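*Asks:* Pasting a structure below so you can have a look.
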């Protein structure tokens, strides 16, 4: 495992993106926010989200994008969400910003050590409990407060950013190997950014 960054040391600009039509989480090493388009729909919503995300990823050395949750393929807005994912990754590709794709299980394993950390809870509660577990890890391990309606999206994006920093060799906190194994399954960019340790 790479050595942990000390406070004040330089680190690359890694941005985590948890793309959503209603609340897109965006985070760096020590901050997180959620872009919520409100009543915007269709093309207006896509334009608004793409504009905000484009500004957030400006000058990034690496962007970590959450991939599709295929088990939820029938969810409302799936077609439009896939469109948003491609618009954002096309923007990154066009500007030659390296990006990696981690599926939701990779993100959850990196945060909690398990793909389904709420397995012992009743089926109807598992998703919400797991989201709360990831958020708790982000607050306790990384010190990033994730508040408000987009708190789970902010937490997911923070974990993604932490994964990218770890892969580049700039982890901000120690992460057990049981959690770091998630890095092996991420689809990393073909070209390693020059900032990698």
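Taken together, the values in this text are just the output of simple stated rules run on the coordinates, not laboratory data. Keep in mind the model is a prediction, meaning the values are calculated, not measured. Please note: Cβ atoms are built from the backbone with ideal geometry, for glycine as well, and neighbour counts cover all protein chains shown.
*Asks:* Just to be sure I understand: with springs between alpha-carbon atoms less than 10 Å apart, which residue in 119, 11, 154 has the highest mean-square fluctuation in the Gaussian network model of the chain?
*Replies:* Of 119, 11, 154, the Gaussian network model singles out 119 as fluctuating most.
*Asks:* Okay, next question. Hey, could you get me the Stokes-Einstein D for segment 117-163, Kirkwood radius over alpha-carbon pairs, 10 °C and 1.306 mPa s, rounded to whole µm² s⁻¹?
*Replies:* Rounded to a whole number, D works out at 146 µm²/s.
*Asks:* Same structure again: Sort 48, 167 so that the residue with the fewest other Cβ atoms within 10 Å of its own Cβ comes first and the one with the most comes last.
*Replies:* Sorted ascending by nearby Cβ count, the order is 48, 167.
*Asks:* Report, for the chain, the % of DSSP beta bridges that are antiparallel, rounded to 5.
*Replies:* 50 percent
*Asks:* Where the centre of each part is set by its Cα atoms, how far does segment 30-67 sit from segment 120-197, in angstrom?
*Replies:* 18 Å
*Asks:* Could you list 33, 128 in order of exposure, starting from the residue whose Cβ has the fewest other Cβ atoms within 10 Å?
*Replies:* Fewest-to-most ranking of 33, 128: 128, 33.
*Asks:* Working out 0.36 nm times the residue gap between residue 40 and residue 59, then minus their Cα-Cα distance, what length gain in nm do you get to one decimal?
*Replies:* Residue separation times 0.36 nm, minus the Cα-Cα distance, leaves 4.1 nm.
*Asks:* Take the Cα atoms of the chain, find their three principal axes, and give me the spread along each one in whole Å, biggest first.
*Replies:* 45, 44, 29 Å, listed from the longest principal axis down.
*Asks:* Quick one: 121, 188, fewest Cβ neighbours within 10 Å first, how do they rank?
*Replies:* 121, 188
*Asks:* Let me ask something additional. Report the residues of segment 11-41 in range of a label on residue 147: point 7 Å along Cα→C-beta, backbone N strictly under 16 Å from it.
*Replies:* 31-34
*Asks:* Follow-up question, since we're still on this one. What relative contact order, as a whole-number percentage, does the chain give when Cα pairs under 8 Å and 6 or more residues apart are counted?
*Replies:* Once divided by the residue count of the chain, the mean separation gives 33 percent.
*Asks:* Once the Cα atoms of segment 68-150 are picked out, what are the Rg and Dmax in Å?
*Replies:* When restricted to Cα atoms, segment 68-150 yields Rg and Dmax of 15.2, 45 Å.
*Asks:* OK, next. Find how much the distance from residue 196 to residue 80 grows on full extension, using 0.36 nm per residue of separation minus their present alpha carbon separation; answer in nm with one decimal.
*Replies:* Full extension of this stretch gives 38.4 nm more.
*Asks:* Let me ask something else about it. In deg cm²/dmol, rounded to 500, what helix-only [θ] at 222 nm does the chain give when every DSSP H run of at least 4 residues adds -39500 (n - 2.57) and the total is split over its residues?
*Replies:* Here the helix-only value at 222 nm equals -12500 deg cm²/dmol.
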